[in-house]
Every structure is written in C-alpha cells, then in structure tokens.
Amino acid sequence: MNASHLSPASITIDEPKLLAVSGIRVSYVAGVDVLHGVSLDVSAGEVVCLLGRNGAGKTTLINALCGLLPVNAGQVTFDGKSLLGLKPSGIVAAGIAVVPEGRRVFSNLTVAENLAMGAYSRRTGFGPSWHFERVYDLFPRLAERRDQLAGTLSGGEQQMVAMARAMMAQPRLLLLDEPSMGLAPLLIELIFDTINRFAKEGMTILLVEQNAAAALDVADRAYVLERGSIVRSGLAASLESDPEIQRSYLGV
Amino acid sequence: MLRTAKESLSQQNDFASATSQNRNDWIVFAVIVSILWSVPLSLGGFYLYLGLAVAIYAISALGLQTMVGLAGQLSLGHAAFMGIGAYTSVLLQKTLGLPFLVTLAAAGLTAAAAGLLMAQLIRLSGVYFKIATFGFGIVVHQILSNWTALTGGSAGVRGIPVISIIGFQVETRTGLFVCEALTLTLIYGLLVRLSHGKIGRAFRAIGQNEAAARSVGIPVPRYRMIVITLGCAIAGIAGAYLPHLMRFLSPESFTWYESLTCLIMITVGGLGSLPGAIIGAAVLIVAPEYLRDFAQYKMLAFGVLLVASMILLPKGIAGAGAALSRRKRIHAR
C-alpha cells in the first residue's frame, strides 16, 4: 500500500498522478459543451468517486476518457502520457479498463468466454492465465456458472461478469460507470464489497455513482459534478459529513 | 503447491470447453466435406449439376455468414459482389486470355476492393448500413446492365471460355466440380480455423455487442472493415465459378432477389454457423429443382420457409442438429 492511499490528504502538486484530467471540454454538438473544463486526478492505489445526478455529465466524462467522445480542449494524461487522440482500443491497451454503464456483457457467450474476451488486448495474447483463478476467487458465483451463457444470468451476476471481464485485461486503472444501477439492495452491497476488495488489492479505481452513500464509503476522495463542472472535491469522509452534500446527495 | 494444482485444474476447465467446441467444429467439417466430395461425384448426372450449383452458393453463403452470422454486419447486396467476381473473371479470361487461377484471384481481389470501398463509403452502423448495402447492390446491378461496352449490358456475355489450369483444360462437369469442391473445402477450412482464433473472437464480439467489444479494447472499425472485405472477397470467388456452370453470364444472376436468397440460406441453415451456411445453400438450391411444377410459387415458398424456420428452428438447421446431439448426450448419461 503506498503513501497516497494511506493519506490522500497529503497529495501535493509534485506527486505523480496516474490519471490527470485538466480542464477538458467535451460536446456532442459543436459549440454546446457538456463538460465545461473539468479537472480531476487519480493517484496510483486510490479509489476516487465522482458523484452527480442524472445529466450532470458523469457518463460523458467516462466516455471521453475511453476515447468514445473527442475532447475539444484540455488535457488527459495517463502515467504522464497524453491519451488525447487515442482510439478506445489504444486506451484499453494503455492499461485503462472500463465497466460500461448498463453492463454490456456478451450475452450469447459463456461466462468463461466473456472473461477471455476481457483479456483481448493483453500483450501476452490469449491463453491460460492465473487471472482466471484470481477472478474466480473474487467471484465464486461466476466460477459455478462459467459454462452458462452470460445473457441467462441475473443483473447482479452480469455486473460481476462485466467487472471480472475488466479485471482480465490486467488494468492499471479501472473505470466503473454506475455499477449499482438497477440492482437490488443486496446485490448493490455485494458489488461495493467487491470494489472494496479490488481496492485492498491495490487497484486504482475511478468510480462514477449516483448512490452517493455507498460510493463515499468505499472511496478515498470524491468529486461532485454538477451541470458539467466540478463543484466540490475533497476527502470522502469530509464530504460525507458536509451538510450540503448530505442534503443534496445523501438524503439526510 | 496446492494452489498451482488448483489453478491448472481451473484452466483446464476453462479451455476444455473451447477445445471441445473446436473439435466438434472439425468433426462437422469432416462430415460435410466428405458428403460434398462423395455424393455429386458418385451419383453424377443431374446430381452433379446440383452439386455444382450448391458448391457455388455454399461458398458465397460462407462469406455472408462470416459477415452477418459472426460479425453482425448485415449485407443486403451480397449477390452484387458475386457479380463483380463473375464479370472480372470472365472478362479477364476473354479479353486478356489470362489463366483461370489468375482470374479467380482477381475476382476475389476486385470484390474485396469493392467491399472495402462500400465499407469506407458507408461508415454507418446498424440499420443504416443494411439499407445502404441494399442501395450498393442495386447500383452494381445497374452498372452491370448498362455499361454495355464493358459488360455487354443486359444481353449478357456468351462464349464463356473453358477453364484452364496450368495448361490443363477443365472441359467436363466433373473437372469443374473438383475445382469448386476444392475451393469450398479450402475456404470452409480457413474460416473454421479463423473462427477459433483471435480474429474470429473479435468478429463474434462485434456481432454480439459493439459497445462491449469496444470496452474490452477491440478496434471495432478496423474489424468491421476486415470482415466486410473478407465476406465480399469470398462472394467474388464464388461468383467467378457461376458463368462456367451457366455457360452464360447475365446481370440478372445478381439482383437484389439473389442477395435475399443468400440471406435466407444462412438464416435457414443457422445464423452464425459455418456448416449452417452450406446446409442452407444446399436446401435452397436443391428444393426448387424438385418442385419445378410449382416454380411460380418459389418466392412464396422461400418466404414461408424463412418464417417457418424463424418460428420452429430459430437457430436454423445446424442449430437444431447441435441441440439434438446435445440432448442425446444428456440422455446417454
């Protein structure tokens, strides 16, 4: 566990950031920005969450980071190298794996085949790997259902497939886009338990969530996105006790 | 120590299903190829003629299956690429006197180039791509019918040259069938091999869910180009044989109706299944020959067949066969 994970408050300018987003503007229609100069950063080993309501621009930000949307202005660097202009496949190859909103599993492939697809862009190529074992250790339920078609699984199990598939890419940064969306409370708990276990293993995670209470529990730091701008940021614990955040996002 | 044993066991489980699928596909390959080589040649006569037609459309359907069944890129203009291959091959033979192996390769390359052009022009996905391929097919048919100086227009091309391979003249139907069966065997084998490799997995991923394919790092646009080009190239190779069977070449062999027939072939045979493409081609070529008295109802029969197969056999004949053999195995336990 590195220093930044233990004391996220001590982050200073000269500390190397794994992901650094500075002042990005993103639009779907020319001239109409959806993100108005968003800046955030994630250090290695950190879990950072991005809170925001529907339409705040959370998924837009994730899509821009994945190379699905062009960035009009600003800079995105990963481990010091610019990600701008890279295609989605190049970004995955650079070490960023994404669990997309709405899961998007390959429903007519088996669980094992879905996981194998996750290893697609690994340089070593496709082949037997200790990662199957590690992923099945994390998700025993998937080990039981490895030969079942992913489309026949429940929503929670499909979310596990999507997360396990992302881990198969051996990413250095995991982007999770609303992993709890549309799941029953018990399954949401399970998904956040898993995020916690990823974090304990030292995985760097950027988590986008509407479920602010659960997200702030697993995160080290948090950003709040409103109408395309970051309006708050800080330690998860301090945001959790902030009256304004409690009123707007935690329903206290 | 214990952990390594556990790991290797789990790996075996994960890859056992993949290898058994691989083995099954090659067993089916062996069965289909042996039927292909034995039945038309031993029965001869009319059956040989049927075999010639089935082999051509089976090759073409394999190309369409790769595009549509595996990678989900539905093309409504497949026959146009057969036409491009047919005209390229015959015109090169007639005007330049090139040997058939060269013109066959040229047919594949020209159709591939046209396919690549289509894929580049039509950078659309979903239903827009499908509709645009339909338009592309019609444009090609119009060019073949109206560019009289090059293609002879709607009157067609007569005097199809005899196939000559390395100085050996293929004058008999048996010889032509051997050429076609060799081509079909080769392409079918290559596609089975491809479908189990990295490229085949990428095709299947795109066919199932483009967004998910992108999220695991598959370069979707590149693989779409590759699969469309490949499918069209195979159609071109199939097309190169057609004039030698018909001894005549006309644009009317490459209408949208023929494209639709190719689609019905892979649907009835089983979408996504390579053997299904061959079985579907056989059904749609052989059945009308035995129902000549009802020729005017052919279109109606195809439509009914398509609807019936979608309701009764949603995974086609090949899918039903696979389900049957699975059920047998379960009962045998």
### Task
Would you please name the residue that is surrounded by the fewest Cβ atoms within 10 Å (Cβ to Cβ), looking only at residues in the stretch B:164-177 that are part of a helix (DSSP H, G or I) and touching a strand residue (DSSP E or B) at 6+ places or on another chain (Cβ under 8 Å)?
B:Gly175
#### Entry: Checklist (1) surrounded by fewer than 20 Cβ atoms within 10 Å (Cβ to Cβ); (2) assigned to a helix (DSSP H, G or I) applied to B:Pro161, failing item
(2)
### Query
Which one of these is at pLDDT 90 or above and polar (S, T, N, Q): A:Gln159, A:Gln170?
A:Gln159
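Give the stretch A:138-149 a look and list any residue that's more than 9 Å from chain B (Cβ to nearest Cβ), of a type outside the set (Lys, Arg) and over 21 Å from the mean Cα position of the chain (by Cα), or say none.
A:Pro140, A:Glu144, A:Gln148, A:Leu149
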### Message
Exactly one condition in (1) modelled with pLDDT of 90 or more; (2) facing chain B (nearest Cβ under 10 Å); (3) touching a Ser or Thr at 6+ places or on another chain (Cβ under 6 Å) is false for A:Glu133; which is it?
### Response
(1)
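How many residues does the stretch A:155-194 contain that are among the charged types (D, E, K, R), outside any helix (DSSP H, G or I) and in contact with a helix residue (DSSP H, G or I) (Cβ under 7 Å, 6 or more places away or on another chain)?
Of the residues in that region, 1 qualify.
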### Candidates B:Phe168, B:Phe129 - the one that is at pLDDT below 85, of a type in the set (A, V, I, L, M, F, W, C) and under 28 Å from B:Leu98 (Cα atoms)
B:Phe168
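Just need a number here: residues in the stretch A:100-111 that are of a type in the set (A, V, I, L, M) and buried (at least 24 other Cβ atoms within 10 Å of the Cβ).
2
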### Task
Could you check how many residues of the stretch A:214-252 are small (Gly, Ala, Ser), part of a helix (DSSP H, G or I) and either in contact with a His (Cβ under 6 Å, 6 or more places away or on another chain) or closer than 21 Å to A:Leu61 by Cβ (or both)?
4
### Query
In the stretch B:305-313, is there at least one residue being over 20 Å from B:Gly72 (Cβ atoms), surrounded by fewer than 20 Cβ atoms within 10 Å (Cβ to Cβ) and β-branched (Val, Ile, Thr)?
yes
### Message
Criterion first (over 30 Å from B:Val127 (Cβ atoms) and more than 15 Å from the chain's Cα centre (by Cα)) does B:Leu52 satisfy it?
### Response
no
### Residue that is farthest from the other protein chains (Cβ to nearest Cβ), among those in the stretch A:71-94 that are outside any helix (DSSP H, G or I) and closer than 23 Å to B:Asn209 by Cβ
A:Leu86
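Please indicate, with yes or no, whether at least one residue in the stretch A:95-117 is more than 26 Å from B:Glu210 (Cβ to Cβ), out of contact with any Cys (no Cβ under 7 Å at 6 or more places or on another chain), more than 9 Å from chain B (Cβ to nearest Cβ) and part of a helix (DSSP H, G or I).
Looking for residues that are more than 26 Å from B:Glu210 (Cβ to Cβ), out of contact with any Cys (no Cβ under 7 Å at 6 or more places or on another chain), more than 9 Å from chain B (Cβ to nearest Cβ) and part of a helix (DSSP H, G or I), one finds none in the stretch A:95-117, hence no.
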## Note on the structure
Among residues of the stretch B:82-125 being over 30 Å from B:Gly167 (Cβ atoms) and part of a helix (DSSP H, G or I), the residue modelled with the lowest pLDDT is B:Leu121
### Query
Conditions: (1) at pLDDT below 90; (2) in contact with an Asp or Glu (Cβ under 6 Å, 6 or more places away or on another chain). B:Ala55 meets all but one. Number of the miss?
(1)
### Task
Check off (1) in contact with a strand residue (DSSP E or B) (Cβ under 7 Å, 6 or more places away or on another chain); (2) surrounded by fewer than 12 Cβ atoms within 10 Å (Cβ to Cβ); (3) not polar (S, T, N, Q) for B:Ala149 and give me the number that stays unchecked.
(1)
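The values are calculated or read from the model by the stated rules, or taken from the named source; none is laboratory data. Computed from a prediction, not measured in an experiment: that's the story for all the values here. Quick reminder, even Gly has a Cβ in these numbers, built from the backbone with ideal geometry, and neighbours come from all protein chains shown.
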